[in-house]
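Input: a single structure, listed below in structure tokens.
The values are calculated or read from the model by the stated rules, or taken from the named source; none is laboratory data. Not measured: the values here are computed from a predicted model. No Cβ is skipped: glycine too gets one built from the backbone with ideal geometry, and neighbour counts run over all protein chains shown. Please note that ligands, DNA and RNA were not included when accessible areas were found on the heavy atoms of the full protein model with its side chains. Shrake-Rupley method; radii C 1.70, N 1.55, O 1.52, S 1.80 Å.
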Amino acid sequence: MAATPSSQIPNYELAGELKIGQVGIANLRVRTLDVAQLAQEMRERVARAPKLFARAAVIVDFGGLAATPDAATARALLEGLKDAGVLPVALAYGSSDNEKLAVELGLPLLAKFRAQYESSAEAAAPAPAPQAASAPSPQAAPEPAAPPPRSAAPAPGGEPGMIQATPVRSGQQIYADNRDLTVLTTVGAGAEVIADGSVHIYGALRGRALAGAQGNEKARIFCREFHAELVAVAGHYKVLDEIPKDLHGKAVQVWLEKEELKIAALQ
């Protein structure tokens, strides 16, 4: 059979272009399966900060419960969250029961939060036995399902932080993977800056700043002029309405202390 001349091969164009990027999605860690209380708490969050949470995408995480809920209870929770004003889009990765539940609900599973929330029993589970006689000792073996440690030795010369020299405008998101982020100018309202390390902003912060995005509780946020819509360190957050008014417009630092988010003026 003769080959089709290249000039006669149809030129197909993709109807949609798929890319994978960094997306900021809230994670709801369910600690008590009280649908009414969970919905009310979310309704209050939306009321306090509608620009941040109204119709916000939310991942539902059942890993904090002793047992995975049944499909009927989970559906009731999803509906309660929708009525409260947010949009549940996925379940957080968990057990095999959790995976079956996701299938029943027609939702995807996202594994991003597993390393931060897995139980101490899971974290302590031994790694598979090495096959090679010269395999590293258990102390040197990585923990299963855990991300690379953020304190890993840097490359020769040191791993530089990411520097953003131009203003971060509304709708933009800047992400510093496994390093600090320094913004030399401003972060506008509706913009978002995220770092696995600390965030340093030498202008006004009017949007959102998230440090320790992969769970680093030692990360901090520093900014010269504080008007933030939201600040977060290792998932612990506060919105502007929850922050003392005497800090608005000031130079501040934000850090975690015993799982409580602290904000104080820089001297």
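One table, with the values for the structure above:
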{"quantity": "Residue 43 accessible area, assembled protein chains, probe 1.4 Å, Å²", "calculated": "90"}
{"quantity": "Two-site label geometry, residue 267 and residue 246: point separation in nm, points 7 Å out along Cα→Cβ", "calculated": "1.6"}
{"quantity": "Solvent-accessible area of residue 186 with every protein chain in place, 1.4 Å probe, in Å² to the nearest 10", "calculated": "60"}
{"quantity": "Distance between modelled label sites at residue 70 and residue 31, nm, 7 Å Cα→Cβ extension", "calculated": "2.7"}
{"quantity": "In order through the range 173-186: 3J(HN,Hα) via Karplus (6.51 cos²θ - 1.76 cosθ + 1.60), integer Hz, x for Gly, Pro", "calculated": "9, 10, 10, 9, 7, 6, 6, 7, 10, 10, 9, 7, 10, 10"}
{"quantity": "Accessible surface of residue 224 - all protein chains present, 1.4 Å probe, nearest 10 Å²", "calculated": "150"}
{"quantity": "Which listed pairs, of 100/238; 218/245; 238/258, have C-alpha distances above 22 Å, in listed order", "calculated": "100/238; 218/245"}
{"quantity": "Accessible-area composition of the range 213-267, carbon plus sulfur, in percent [1.4 Å probe]", "calculated": "46"}
{"quantity": "Accessible area in the full protein assembly, largest first, 1.4 Å probe, for 162, 42", "calculated": "162, 42"}
{"quantity": "Calculated FRET efficiency for the pair residue 217/residue 163, C-beta based, R₀ 22 Å, to 0.05", "calculated": "0.35"}
{"quantity": "Zone of residue 54's modelled label, taken as backbone nitrogen in the range 189-220 under 12 Å from a point 7 Å along Cα→Cβ", "calculated": "none"}
{"quantity": "List 100, 245, ordered by accessible area with a 1.4 Å probe, largest first", "calculated": "245, 100"}
{"quantity": "Residues whose placed amide H lies under 5 Å from that of residue 200, excluding near-sequence neighbours", "calculated": "181, 182, 183, 222"}
{"quantity": "Accessible-area order (highest first, 1.4 angstrom probe) of the listed residues 35, 58", "calculated": "35, 58"}
